[in-house]
1. On C-alpha positions alone, give me the angle between the axis of helix 45-78 and the longest principal axis of the chain, in degrees, nearest 10.
2. Only Cα pairs under 8 Å and at least 6 apart count here; give the relative contact order of the stretch 5-78 as a rounded whole percent.
3. Please determine, in degrees from 0 to 90 and to the nearest 10, the orientation of helix 5-38 with respect to the longest principal axis defined by the Cα atoms of the chain, where the helix direction is its Cα long axis.
4. Write down the Kirkwood hydrodynamic radius of the chain, to one decimal in angstroms, obtained as one divided by the mean of 1/r over all alpha carbon pairs.
5. Asn4's amide H: which non-local residues (gap 5+, or another chain) put their own amide H closer than 5 Å, with H modeled 1.01 Å from N in plane and none for Pro or chain starts?
6. Efficiency by 1/(1 + (r/R0)^6): what FRET value for Phe61 and Ser2, r their Cβ-Cβ distance, R0 = 35 Å, to the nearest 0.05?
Amino acid sequence: MSTNLNLLGKGLKYLGLLIFLFIASPITLTMGFKALKKFNNTPQEYVAYLILLAAAILIIFTIYFAFKTFNILLKAIFNN
């Protein structure tokens, strides 16, 4: 039962990207809600909705990427 070092390296790279996504997703969502509050009843309100849409897509991708990353790390450590 040895560790696959190539797969572990790939998993750790993905983990670094995942930490960035864990930080960027809530910040983008917060920016969208603040923009929605600031641009209320103005033509720039569509920008706020666009930011909120991007944040929702980013959060869904972050959840998918987390499962993918931990699956790679488990395969690297337990050598399935």
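A short reminder: the numbers here are calculations on the coordinates, not readings from a lab. Keep in mind the model is a prediction, meaning the values are calculated, not measured. All Cβ positions, even for glycine, are placed from backbone atoms using ideal geometry, and neighbour counts span all protein chains on display.
1. Tilt relative to the chain: about 10 degrees.
2. Reported as a whole number, the value is 51 percent.
3. Helix 5-38 and the main axis of the chain meet at about 10 degrees.
4. Hydrodynamic radius (Kirkwood, Cα only) of the chain equals 14.3 Å.
5. Residues meeting the criterion, in which the H sits 1.01 Å from N, are Asn79.
6. Step by step, r from the Cβ atoms, then E = 0.60.
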